[in-house]
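The values are calculated or read from the model by the stated rules, or taken from the named source; none is laboratory data. The structure presented is a predicted model; accordingly, all values stated were derived computationally and were not measured. Note that we place each Cβ from the backbone using ideal geometry, even for glycine, and neighbour counts take in every protein chain shown.
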Amino acid sequence: MSKAFTREENDGPDIPDLPPLTSTLAPGAKNYITAAGAQKLCDELQQLVEITRTALANSPDDPDAKWQLARLDQRIMQLEESLRSAEIVTPTNGPADVVRFGATVTVRESDGNEASYRIVGVDEIDIDHGWVSWLSPIAKALLNRKRSERICFKFPSGEETLEIVDIRYE
């Protein structure tokens, strides 16, 4: 066996096997993304490759650097794959009266409270801001619906009637 494939005693700690990152997309599903979402992924990839990875690679004295590099490389590969398979969807030019990908939809619940959901790609999900995947149950219930339309939706807390009160595109 070549010396290149043997481990020396002072090579540092073993790098733990990292679980493979799995896609949240079903096999064969399209990886739709907004233009802003694609740009955000590109910016993150550039930051990780040019700054973060370089800094970690230049700190050989850090005992955690190999593990951090392995995690970082895994994230870089995930971003590259997401961008490679991404299909950027541009907002519709027509009237904002039908819910499509990229829409921010405001609904009124039966108790009068309002909630907003932005329908985005799986790589853009941000629950804290109401950004939901186009594959999520709420997005599927809203897609292709019109303003003032009422829909029944089953939340974990129970069934609710939602009225679409606003549809916006950024």
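I'm checking my understanding of the structure. Among residues of the stretch 39-90 that are free of Cβ contacts under 8 Å to residues at least 12 places away in the same chain and touching a helix residue (DSSP H, G or I) at 6+ places or on another chain (Cβ under 6 Å), which one is surrounded by the fewest Cβ atoms within 10 Å (Cβ to Cβ)?
Ser59
Residues in the stretch 70-91: is at least one within 26 Å of Phe155 (Cβ to Cβ), among the acidic types (Asp, Glu) and at pLDDT below 95?
No, the stretch 70-91 contains no residue that is within 26 Å of Phe155 (Cβ to Cβ), among the acidic types (Asp, Glu) and at pLDDT below 95.
What strands (runs of 3 or more DSSP E), lying completely within the stretch 82-170, carry at least 1 residues that are polar (S, T, N, Q)?
103-109, 114-120, 131-133, 158-169
Scan the stretch 126-136 for residues that are in contact (Cβ under 8 Å) with a residue 60 or more places away in the chain and more than 14 Å from Ala103 (Cβ to Cβ) and jot them down.
Within the stretch 126-136, just Leu135 meets the criteria.
Check whether at least one residue in the stretch 22-39 is within 30 Å of Glu170 (Cα to Cα), in a helix (DSSP H, G or I), at pLDDT 90 or above and not small (Gly, Ala, Ser), and report yes or no.
Yes, the stretch 22-39 contains at least one residue that is within 30 Å of Glu170 (Cα to Cα), in a helix (DSSP H, G or I), at pLDDT 90 or above and not small (Gly, Ala, Ser).
Can you tell which of Ala57, Ala70 is under 22 Å from the mean Cα position of the chain (by Cα) and aliphatic (A, V, I, L, M)?
Ala70
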